[in-house]
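Pasting in a structure now, in structure tokens, and then I'll have a few things to ask.
A short reminder: the numbers here are calculations on the coordinates, not readings from a lab. Quantities reported herein were computed from a predicted structural model and do not represent experimental measurements. As a convention, Cβ positions derive from the backbone with ideal geometry for all residues, glycine included, and neighbour counts pool all protein chains shown.
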Amino acid sequence: MENSSAGFSIIANSYLKMCKNLAFCFLAVFFACQSSNSDKMEQQRSISPPKAKIVPKELSIHGHKRIDNYYWLNQREDPEVIHYLKAENEYLQAVMKPTEALQEKLYNEMRSRIKEEDQSVPYFLRGYYYLTRYEKGSEYPIYTRKKGSLDAPEEIMLDVNQMARGHAYYQVGSWAVSDDNRLLAYSVDTVSRRIYTLYFKDLQTGQQLEDIIPNTTGNLAWAADNKTVFYSRQNLQTLRSFQIWKHVLGTDPQKDQLVYEEEDETFNVGVYRSKSNKYLFIFSSSTLTTEARFLEAANPNGKFTIFLPRERGHEYELDHAGDKFYIRTNWKAYNFRLMETDEKNIANKSAWREVIPHRSDVFLEQIEVFKDFLVVEERKQGLIQLRVRPWSDPSQEYYIQFDEPAYSVRLDVNLEFDTPLVRYSYTSFTTPNSVYEYDMKTRTKKLLKQQEVLGGFNSEAYQSERLYATARDGVKVPISIVYKKGFKKDGNAPLLLYGYGSYGISTGVTFSSNRLSLLDRGFAFAIAHIRGGQEMGRQWYEDGKLLKKKNTFYDFIDCAQYLINEKYTSPAHLYAHGGSAGGLLMGAVANMAPELFKGIIADVPFVDVVTTMLDESIPLTTNEYDEWGNPNDKTYYEYMLSYSPYDNVERKNYPHMLVLTGFHDSQVQYWEPAKWVAKLRATKTDNNLLLFQTNMETGHSGASGRFAPLKELALKYAFLLYLEGINE
């Protein structure tokens with residue numbers, strides 16, 4: 001991957017060794033300036049970073065040759081790879097040892113804000129109230145239900161704390177109860193590679209059934225006969241979900257029937273039940289195209305029917321309520337519109353009736369259908385709005401009002417069809433997550449539950465703003481920011497800027513009790529709503545993908561520069577954070593504008609773009625060509641190569657950096673950040689910190705449970721605070 005020639009000469013190796021020795025003398029001085037504890041600083045002087053061996057590998061395509069010195073790190077079972085990863089972990093622990101007390105303090109502080117004995121808002125389904133609760137000191141949820149009344153005796157369906165005993169990682173994925181309320185189907189991942197095993201439980205007797213189905217995606221749906229379950233499987237190498245299977249309880253899973261196989265390697269497939277419960281849906285989807293099949297749930301042995309054959313570029317989502325299908329579609333509507341059609345007239349698009357027309361300034365996110373009302377979740381000027389429309393008189397439609405300058409709202413669990421009540425969740429930088437029940441007839445709302453923050457939290461002590469930075473091409477990019485009142489805009493305050501900007505995923509403005517540990521120590525926190533997301537509509541996404549991907553990076557850099565110009569912070573106090581595709585963002589801005597940031601945190605970063613997208617044998621390659629481009633096409637190859645963080649590491653100064661990954665990551669393989677860090681160590685010219693941690697027991701989402709993830713977050717916060725000279 002490297003732009004330099006293969007290998008290093010003896011002179012070059014000697015020079016690098018000399019530079020490294022000098023660098024770590026400076027490293028010791030850095031720590032001495034940050035702490036008054038001379039014993040700790042003496043320990044720092046003896047620290048040396050790991051050095052990955054160089055094994056040049058030539059990679060050629062389109063007549064272009066690249067040399068990748070660290071390609072060998074993708075050998076997962078190689079003891080030398082494991083040794084290197086563990087050596088990096090040990091180095092991080094040694095360097096961060098002066099912050100151990102701070103990390104413990106942060107962990108305890110964040111945990112102390114969590115109400116340990118807690119439960120979710122119950123929802124009602126087929127005669128039962130379902131809720132999730134936590135017990136004091138427990139890592140995992142307990143899934144329960146009560147028959148007929150909230151005062152009824154509790155039935156424990158799954159106590160994940162007991163189930164997780166003996167496992168370093170444990171995650172319950174999907175779960176669903178049969179129509180007769182007796183049987184529970186659920187999926188479990190104990191490796192963190194998103195390969196789930198399906199289990200079944202008789203809720204009347206409490207007994208586990210003998211039916212066990214390994215190697216699934218965790219996605220499942222019951223038929224209406226209370227004995228048939230449809231589920232999806234993935235290719236165990238690429239992890240692409242490509243098959244739908246049917247299992248009948250009491251039969252050998254090895255004899256399950258293959259219902260559908262998606263042969264196009266750019267598509268994934270899943271199975272779902274409609275809101276009406278009348279239909280089962282199989283959805284095939286790629287970045288740009290979807291295709292649905294449907295079958296009456298009461299006829300599990302029938303054949304699925306295509307709703308509308310796939311057409312490249314046509315995306316649609318499907319639901320059913322009453323006697324109609326509702327279609328959210330981008331057909332002649334790049335921001336999507338809502339159509340409806342009768343059950344017997346589906347395949348002819350010209351016969352569909354328009355319910356919500358396309359609007360160039362409003363993006364249609366999703367809908368919720370009720371007997372007397374339609375609720376539309378839509379995004380305008382970067383913020384979600386909820387529109388309520390009576391079916392009897394659409395002219396009387398209205399919006400539910402929200403007052404804060406930046407917030408997030410989403411439709412919550414709404415399983416009942418014949419009700420005037422819609423449930424939604426609301427949060428902002430200063431408002432903990434709140435679940436409301438809104439009466440669409442009386443236009444009144446009732447707060448069902450607000451996240452309780454222990455320790456005397458007062459929302460009035462914090463201030464949020466909505467800002468707009470002008471990007472280099474003149475586009476206005478929204479920035480959401482929060483800080484504690486009294487924050488001085490004189491350029492001397494620390495600020496953490498977060499970004500993602502891929503897959504059309506909009507970054508919500510949400511409350512975090514953990515974030516208070518930064519805000520209370522003088523930090524501001526900001527989100528750059530950059531192109532590649534979908535905050536400002538579909539075009540916002542289109543302008544940040546494929547051959548326009550660099551807009552994502554430029555937007556983030558321009559937002560950072562805006563915050564500096566407006567004196568919210570300065571390069572001496574500005575930090576950046578992103579994960580996964582947001583980790584790609586971190587790698588790109590580190591190469592493009594390292595002078596703007598004092599420190600960068602990159603979680604599970606997608607930094608080896610070209611090599612990964614050329615490898616069709618690993619997850620998230622073939623089905624993401626429409627997001628990044630196919631590098632087998634020279635045009636896309638050259639464009640990717642021009643921004644791929646790993647390929648563009650240069651001999652120059654970089655910010656302080658903390659890089660984290662999971663050994664079992666199925667989405668961004670551990671070797672991407674491992675290679676990136678190794679190349680940075682051998683190439684960069686500064687004496688700034690470069691720390692790399694591989695969690696050997698987790699994958700893309702990190703540790704499981706409520707409290708274990710706080711350990712990693714405490715490390716990140718300690719890294720930031722230490723760089724600011726705050727080591728309590």
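If the limit is 32 Å between Cα atoms, which of Lys146/Lys711; Lys105/Lys679; Lys246/Lys344 go over it?
The pairs that break the limit, which is 32 Å between Cα atoms, are Lys146/Lys711; Lys105/Lys679.
So for the range 464-570, averaging the separation of alpha carbon pairs under 8 Å that are six or more residues apart and normalising by length, what relative contact order in percent results?
34 percent
So, one more: Can you list the residues, at least 5 places off or on another chain, whose amide H is less than 5 Å from the amide H of Ser408, using H built in the peptide plane?
Correct list: Thr427, Ser428, Val509.
Specify the angular offset, from 0 to 90 degrees and rounded to the nearest 10, of the alpha carbon long axis of helix 634-643 from the longest principal axis of the alpha carbons in the chain.
It is inclined by approximately 60 degrees.
How long is the gain from Glu566 to Glu343 if the chain were fully straight, where each residue apart is worth 0.36 nm and the alpha carbon distance is subtracted?
74.6 nm
State, to one decimal in nm, how far the label point of Asp151 lies from the label point of Thr251, with both points 7 Å from Cα in the Cβ direction.
So the two model labels end up 4.6 nm from each other.
Run the reach check for Lys57 against aspartates and glutamates, Cα to Cα strictly under 12 Å, same-chain hits fewer than 8 apart removed. What comes back?
Glu2, Asp68
So for the range 367-452, if I pair up every lysine 8 or more residues apart or on another chain, how many of those pairs have alpha-carbons under 22 Å apart?
Number of lysine pairs found: 4.
Let me ask something else. Quick one: which residues, 5 or more positions from Gln693 or on another chain, have an amide H under 5 Å from its amide H? H modelled 1.01 Å from N in the peptide plane, none for Pro or chain starts.
Val659, Leu660, Thr661
What FRET efficiency, computed as 1/(1 + (r/R0)^6) with R0 = 45 Å and r the Cβ-Cβ distance, is obtained for Asp323 and Glu135, rounded to the nearest 0.05? Mind dumping the intermediate values first?
Working: r = 45 Å, r/R0 = 0.99.
My answer for the efficiency is 0.50.
Near the amide H of Gln257, under 5 Å away, which other amide H atoms are found, from residues 5 or more places off or on another chain, if H is placed in the peptide plane?
Here the answer is Lys246, since their amide H atoms fall under 5 Å of that of Gln257.
Rounded, prolate or oblate, given the Cα gyration tensor of the chain, with a/c below 1.5 counting as rounded?
prolate
Could you give the dipole magnitude of the chain about its Cα centre, charging the beta-carbon of Lys and Arg +1 and that of Asp and Glu -1, in debye to the nearest 20?
That gives a dipole near 1200 debye.
Moving to a separate point now. With a Förster radius of 22 Å, plug the Cβ-Cβ distance of Lys652 and Asn632 into 1/(1 + (r/R0)^6) and report the FRET value to the nearest 0.05.
Between Lys652 and Asn632 the formula returns 0.10.
Now a separate question. Determine the distance separating the Cα centre of the range 679-728 from the Cα centre of the range 75-92; give it in Å without decimals.
16 Å
If you take the beta carbon distance between Lys446 and Asp393 as r and set R0 to 22 Å, what does 1/(1 + (r/R0)^6) give as a FRET efficiency, to the nearest 0.05?
0.35
Which aspartates and glutamates have a Cα less than 18 Å from the Cα of Lys488, not counting those fewer than 8 places away in the same chain?
Hits, sequence-local ones excluded: Glu460, Glu465, Asp520, Glu566, Glu724.
I've got another one for you. Can you list the HN-Hα couplings for the range 305-321, worked out from phi with the Karplus curve (6.51, -1.76, 1.60; θ = phi - 60°), rounded to whole Hz and with x for Gly and Pro?
Each residue's phi maps through the Karplus curve to give 10, 5, 6, 8, x, 5, 10, 3, x, 9, 10, 9, 10, 9, 9, 9, 8 Hz.
Can you give the relative contact order of the chain as a percent, counting alpha carbon pairs under 8 Å and 6+ residues apart?
On the way: 1633 pairs, mean separation 80.8, N = 728.
Value for the chain: 11 percent.
Tilt of helix 100-112 relative to the longest C-alpha principal axis of the chain, in degrees (0 to 90, nearest 10)?
20 degrees
If you stretched the chain out fully between Ala94 and Leu209, how much longer would it get, using 0.36 nm times the residue separation minus the C-alpha to C-alpha distance?
Extra length available between Ala94 and Leu209 comes to 36.5 nm.
Shifting gears a bit: Report the one residue of Pro631, Gln207, Asn345 whose Cα lies farthest in the direction of the positive end of the charge dipole of the chain (charges on C-beta: Lys and Arg +1, Asp and Glu -1; origin at the Cα centre).
Result: Pro631.
Can I ask one more? If the reach is capped at under 15 angstrom between alpha carbons, list the aspartates and glutamates near Lys97, excluding any in the same chain fewer than eight residues apart.
Within the straight-line cut-off, Lys97 pairs with Asp39, Glu42, Glu88, Glu712, Glu728.
Relative to the longest principal axis of the chain, what angle (0 to 90°, nearest 10) does the C-alpha long axis of helix 10-34 take?
80 degrees
Let me ask you something else. Limiting things to C-alpha atoms, what are the Rg and the maximum Cα-Cα separation (Dmax) for the range 367-452, in angstroms?
Both quantities, over Cα of the range 367-452: 12.7, 39 Å.
Here's something else I'd like to know. If you take every DSSP beta bridge whose two residues both sit in the range 478-547, what share of them, in percent to the nearest 5, is antiparallel?
Beta bridges within the range 478-547, antiparallel portion: roughly 45 percent.
Something else now. Want the number for His83 to Glu697: 0.36 nm per residue separation, take away the alpha-carbon distance, what's left? Don't jump to the answer; show the numbers that get you there.
Numbers: separation 614, 0.36 × 614 = 221.04 nm, distance 1.52 nm.
Full extension from His83 to Glu697 adds 219.5 nm.
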